[in-house]
Each structure stands twice: as C-alpha cells, then as structure tokens.
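Trainee: Submitted below is the structure of interest, expressed as structure tokens.
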Amino acid sequence: MSLSLRTCLLIGPLIVFLAVCYLLPFLGILGWSVTLPEPGLGQYETALTDPLVHSVAWRTLRICTLVTVLSVIAAYAISLVWVRGSPLQRLLVELCILIPFWISVLTRAFGWLSLLSNRGIINTFLQNIGLIDAPLTLVRNDFGVVVGMVHFLIPFAVFPIASAMRSVDARALMAARGMGAGRSRIFWQIFVPMTINGIIGAALIVFVFALGFFVTPAILGGGRSVMIAELIYLRIFQSPNWGLAAAISVLMMLAVGMFLSALMRHLAPRSER
C-alpha cells in the first residue's frame with residue numbers, strides 16, 4: 001500500500017466527519033439566508049444597513065479585542081510562573097489552570113453574577129466596611145461581560161504561550177546575561193520576541209472563541225450588552241427572522257475567515273525566516 005493511499009485512508013474519515021458536522025449545517029444556514037422569508041439577497045442588505053446590527057457588531061469587536069488583550073496578558077504572566085517557577089508554584093498554577101475546565105460556563109457565569117450583582121458579595125462587603133454608600137454597577141454592562149469572558153478564556157491562552165516558553169533556548173538567555181544585559185532587557189528584547197508565536201496563537205484562539213460567546217454575555221450583560229451571538233439567538237427564537245439570523249451568521253463567518261487568512265499571509269514570511 002502506497003504512502004499516499006495510507007494517508008488518504010487515515011485523513012479521509014476526519015474530512016468526512018468535518019463535512020457532515022460543519023460543512024453541511026453551514027450550507028443549510030447559507031440556504032436560509034437567501035431563501036427566508038423570500039428568495040434573494042434582501043437579508044444581507046438588511047444586515048449590512050441595519051443600525052442595530054452595526055452597533056452590536058462594533059460592541060462585539062470592542063469587547064472581543066479587550067478580552068483578548070487582557071486574557072493574553074494574564075495568561076503570559078501565569079505561563080511564566082508555570083514554566084519558570086518553583087515546583088510548588090508550578091503545582092499551584094496547574095491546579096488553577098485545570099480546575100476551571102471542570103466547571104461549566106453556566107456555573108461560572110452565575111458565580112460571577114453572585115459576586116458582582118448589586119446585592120452580591122463584593123458590593124455587600126464594600127458597603128459593610130464603608131467604602132461605598134450605594135452598590136457599584138458591576139453587571140448588566142460591558143464590565144461584567146468582560147470579567148466573565150476573561151475568566152473563562154485565560155486557560156485557553158495559557159497552553160500555546162507555555163508551549164512557546166518551553167521551546168525558548170536557555171543558552172540565548174544565558175548569553176545575554178553574560179554580555180551584561182539586565183533582567184528587564186533580557187525579558188523584553190529576547191524572551192518576549194522568542195515567544196511571539198505563542199502570543200499570536202493565544203490571541204487567535206481567544207478572539208475566535210470570544211466572537212461566539214453567548215451564555216456569559218447573556219447572563220452578565222443582562223440584555224444591555226448584546227453581542228453578535230446573542231443577537232442571532234434573538235432573531236431566531238424571540239423575534240423570528242431566521243433569514244436575517246442566517247445572513248448575520250454567514251457574514252460573521254466570512255469576516256473571521258478573511259481576518260484569519262490575512263493574518264496567516266502576514267505571518268508566513270516571518271515563519272520562513
């Protein structure tokens with residue numbers, strides 16, 4: 001049996017599985033977008049001109065960008081301790097990374113709601129010690145959504161960054177130290193550039209995950225910080241307009257695909273070097 005035939009037999013089932021689970025449903029959504037409620041491209045015109053869709057899209061982009069930046073910064077600090085810390089520090093970091101995977105996103109969202117609500121633990125504590133007179137508005141806004149999303153997505157950003165850190169050649173750091181470079185200079189001018197691929201990978205994972213978030217923004221946003229996934233849900237189940245929801249979904253898929261392809265083309269020359 002030739003190598004190419006063996007490769008096809010190994011990869012073939014995966015391709016069929018992906019086609020059945022992802023391509024066929026997407027083609028169905030594409031069909032809805034041009035047939036419901038009547039054939040044509042009217043739903044795409046509505047999606048591209050509706051002020052509500054525009055405001056939700058910009059809010060989604062703004063929140064996802066902020067969540068990505070905060071998650072990657074926090075994940076970088078955690079990964080640094082995980083890779084270069086003491087054995088006890090590594091064990092504690094591993095527990096902090098793995099335990100969140102055992103808790104559902106719904107449970108975490110309600111946990112943050114109990115912490116951040118007007119009668120939640122944080123506001124009650126601050127009022128009891130006299131720091132505030134009235135409760136702070138920490139949920140049903142963008143702040144609560146960002147906090148919940150960052151908490152959920154940090155572990156996903158840790159793994160690519162930690163992998164990049166482990167691949168750093170320690171001899172380069174020792175050489176820089178031998179040449180008289182300080183810790184700060186070694187970190188910013190040598191260590192960080194050598195882990196840039198992990199940072200980019202983590203940012204991509206977090207940003208794409210954040211675009212499709214639904215449960216956390218719905219609970220912590222309280223209907224006041226609607227993101228694109230929640231808007232699609234509302235257009236399907238509460239104000240039925242399946243065609244518009246499908247058109248928004250297709251446009252979001254196209255936007256993400258164009259963004260990823262442009263980024264890959266930008267990174268290709270760097271990887272060749």
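Trainee: Using a 1.4 Å probe on the protein heavy atoms only, what accessible surface does CYS96 show? Give it in Å² to the nearest 10.
Mentor: Counting only protein heavy atoms, CYS96 exposes about 100 Å² to solvent.
Trainee: A follow-up question, please. What ratio of Cα Rg to 2.2 N^0.38 Å holds for region 94-247? Could the numbers behind the result be given before it?
Mentor: Numbers: Rg = 21.1 Å, N = 154, 2.2 N^0.38 = 14.9 Å.
Working it through for region 94-247, the quotient is 1.41.
Trainee: Over region 179-273, what relative contact order in percent results from Cα pairs under 8 Å that are six or more residues apart? All intermediate terms of the calculation are to be shown ahead of the outcome.
Mentor: Details: 30 pairs, mean separation 13.2, N = 95.
Reported as a whole number, the value is 14 percent.
Trainee: Using the Kyte-Doolittle scale, which helices in the chain average at least -1.0 and also have C-alpha atoms spread 20 Å or more along the helix axis, with helices defined as whole DSSP H runs? Mind showing how you got there, number by number?
Mentor: Working: long enough: 3-18 (23 Å, 2.08); 51-84 (49 Å, 1.34); 142-166 (35 Å, 1.53); 196-211 (22 Å, 2.54); 242-272 (45 Å, 1.15).
Span-like helices in the chain: 3-18, 51-84, 142-166, 196-211, 242-272.
Trainee: Using only the Cα atoms of the chain, what do you get for the radius of gyration and for Dmax, in Å?
Mentor: 22.9, 77
Trainee: Find the all-direction average of the projected area of the Cα convex hull for region 32-164, expressing the result in square nanometres with one decimal place.
Mentor: On the way: hull surface 50.7 nm².
Taking a quarter of the hull surface, the average projection is 12.7 nm².
Trainee: Compute the convex hull volume of the Cα atoms of region 171-273, divide it by the residue count, and report the result per residue in Å³ as a whole number.
Mentor: On the way: hull volume 13.0 nm³, N = 103.
Per-residue hull volume (Cα only) is 126 Å³.
Trainee: Running Debye on region 8-63 with equal point scatterers at the Cα sites and no solvent, what base-10 log of I(q)/I(0) appears at q = 0.30, 0.31 Å⁻¹?
Mentor: Calculated log10 I(q)/I(0) at the listed q: -1.03, -1.05.
Trainee: While we're on this one: Enter the accessible area per residue of region 135-273 (Å², integer; probe 1.4 Å; all protein chains in place).
Mentor: Values: 7320 Å² over 139 residues.
So region 135-273 comes to 53 Å² accessible per residue, rounded to a whole number.
Trainee: Another question about this same structure. Alpha carbon centre of region 91-108 versus region 35-76: separation in Å?
Mentor: Between the Cα centre of region 91-108 and that of region 35-76, the gap is 29 Å.
Trainee: Quick one: plug the Kirkwood hydrodynamic radius of region 1-106 (C-alpha pairs) into Stokes-Einstein at 25 °C, 0.890 mPa s, and report D in µm²/s. Mind dumping the intermediate values first?
Mentor: Values: Rh = 19.4 Å.
After rounding, the answer is 126 µm²/s.
Trainee: Right, another one. In the chain, if the dipole is taken from +1 on Lys/Arg beta carbons and -1 on Asp/Glu beta carbons about the Cα centre, which of MET194, THR124, PHE110 is farthest to the positive end?
Mentor: MET194
Trainee: Here is a follow-up. Which whole-number percentage describes the relative contact order of the chain, with Cα contacts under 8 Å and a sequence gap of 6 or more? Mind dumping the intermediate values first?
Mentor: Details: 273 pairs, mean separation 78.3, N = 273.
Computed over the chain, the figure is 29 percent.
Trainee: With the full set of protein chains in place, find how many percent of the accessible area of the chain is carbon and sulfur; take the probe as 1.4 Å. List each step's numbers first, then the result.
Mentor: Values: 11610 of 16420 Å².
Percent of accessible area from carbon and sulfur atoms in the chain: 71.
Trainee: Let me ask something else about it. Using the Cα centre as the reference, give the magnitude of the dipole from point charges on the C-beta atoms of the chain (Lys, Arg: +1; Asp, Glu: -1; all else neutral), rounded to the nearest 20 debye.
Mentor: Details: 18 positive and 9 negative charges, 209 e Å.
Its charge dipole is roughly 1000 debye.
Trainee: Shifting gears a bit: Rounded to the nearest 0.05, what FRET efficiency do MET258 and ARG6 give with R0 = 45 Å and r taken as the Cβ-Cβ distance? Could you check? Could the numbers behind the result be given before it?
Mentor: Working: r = 35 Å, r/R0 = 0.78.
Efficiency, rounded to the nearest 0.05: 0.80.
Trainee: Whole-Å semi-axes of region 51-99's equivalent ellipsoid, largest first, each the root of 5 times a Cα gyration tensor eigenvalue?
Mentor: Details: eigenvalues 252, 20, 3 Å².
For region 51-99, the ellipsoid semi-axes come out as 35, 10, 4 Å.
The values are calculated or read from the model by the stated rules, or taken from the named source; none is laboratory data. If you're wondering where the values come from, they're calculated on a predicted model, not measured in any experiment. For neighbour counting, all protein chains shown are included, and Cβ atoms are generated from backbone atoms with ideal geometry for every residue, glycine included. Keep in mind that these areas ignore ligands, DNA and RNA; they rest on the heavy atoms of the full protein, side chains included. Shrake-Rupley method; radii C 1.70, N 1.55, O 1.52, S 1.80 Å.
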